[in-house]
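Here is the structure we will look at, set down as structure tokens.
The values are calculated or read from the model by the stated rules, or taken from the named source; none is laboratory data. Because the structure is a prediction, the values reported are computed rather than measured. Note that each Cβ is placed from the backbone with ideal geometry, even for glycine, and that neighbours are counted across all protein chains shown.
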Amino acid sequence: MLDSAKEERRQRKAVASPSQKPPRYESLMARILRTQKESGKPEFDDGQLAYLGGGLLDAAVDTTYSTALTFVKVLAARPEIMKKAQAEVESVCGLENRPPQPQDINKLPYLRACYSEILRWRPPAPNNLPHVLDADDTVGGYHLPKGTILLQNTWAIERDPEIYHEPDVFDPERGRRQCPGDLFAVSSVLMVAAKLVWGFELEPREPLDLSVESGFHGGLVMGSEDFEVAFVPRSEERRKAMVEDYERTRGRLQ
């Protein structure tokens, strides 16, 4: 990531004039390099910057991948949820061969509720990450001085039986909750889920283990153990539409 940020800086310098303002869209790493250069007081060396970039990438990719995989597993294991999600997507996209698009996501409350429940039921970061206070704070009557390292037990908080009835049960009807990475997930996990339920039937090739003890692995990021699911196109027309949608999307990214 650091090498890419440096290359981005070189390319921008090649076309920029001294009077130009900083570009509207700029990667975080390139922005840090630019501001350090402008200030003349670098706060990070290359090793620290590379570590920072790798951590940000891992935090986004690993948790998103884990959530998407859990989404697939739940939809395959709970066909009644899959059918309800399919009906909702078709109510928005119609029965024509049009895959869901980003502008459709806000019209899919049930699918969004499934996503929120996955974050509660199998949170990808059950212990979150350590956070350091940059100022004194008071929480619940406890004084926490600047420099205190905090750990948030997300797993326990989201299994409080006084808030969540039968907390070990996956139930999208509980409603919407918020995640710090909500905007990123909406544009990735929910888009994946919407297109999956629109274009495919998910057929388990084996009994799917949804228990946290044996169906998922722990660690910094919680994720599903390996499982086998067949992605069966719901029709030849939808298969073709998905391929065309993929080609259009790939073209935009090149």
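Looking at Glu206, Glu225, Glu213, can you tell me which residue is touching a His at 6+ places or on another chain (Cβ under 9 Å), closer than 24 Å to Pro124 by Cβ and not aromatic (Phe, Trp, Tyr)? Explain how you work it out, then say what you get.
On the way: Glu206 fails: touching a His at 6+ places or on another chain (Cβ under 9 Å); Glu213 fails: touching a His at 6+ places or on another chain (Cβ under 9 Å).
Unique residue meeting the criteria: Glu225.
Answer yes if at least one residue in the range 92-102 is more than 22 Å from Glu80 (Cα to Cα) and part of a helix (DSSP H, G or I), and no otherwise.
Taking the range 92-102 and keeping what is more than 22 Å from Glu80 (Cα to Cα), we get 96-98, 101-102.
The next check asks that each one be part of a helix (DSSP H, G or I); those that pass are 102.
Taking every residue of the range 92-102 in turn, at least one turns out to be more than 22 Å from Glu80 (Cα to Cα) and part of a helix (DSSP H, G or I).
Any idea which of Leu210, Leu202, Leu220, Leu196 is surrounded by 14 or more Cβ atoms within 10 Å (Cβ to Cβ), more than 24 Å from Asn106 (Cα to Cα) and either among the polar types (S, T, N, Q) or modelled with pLDDT of 90 or more (or both)? I'd like the intermediate steps shown before the answer.
Numbers: Leu202 fails: more than 24 Å from Asn106 (Cα to Cα); Leu220 fails: either among the polar types (S, T, N, Q) or modelled with pLDDT of 90 or more (or both); Leu196 fails: more than 24 Å from Asn106 (Cα to Cα).
That would be Leu210, the only listed residue that is surrounded by 14 or more Cβ atoms within 10 Å (Cβ to Cβ), more than 24 Å from Asn106 (Cα to Cα) and either among the polar types (S, T, N, Q) or modelled with pLDDT of 90 or more (or both).
What are the residue pairs meeting all of these: first residue in the range 12-31, first residue of a type in the set (Ser, Thr, Tyr), second residue part of a helix (DSSP H, G or I) and modelled with pLDDT of 60 or more, Cβ atoms under 7 Å, and 6 or more apart or on different chains?
Qualifying pairs under 7 Å: Ser27/Ala5; Ser27/Glu8.
From (1) surrounded by fewer than 13 Cβ atoms within 10 Å (Cβ to Cβ); (2) farther than 16 Å from Met191 by Cβ, pick out the condition that doesn't hold for Asn97.
That leaves (1) as the condition not met.
Out of (1) surrounded by 12 or more Cβ atoms within 10 Å (Cβ to Cβ); (2) within 24 Å of Phe200 (Cβ to Cβ), what's the single condition that is false for Ala30?
(2)
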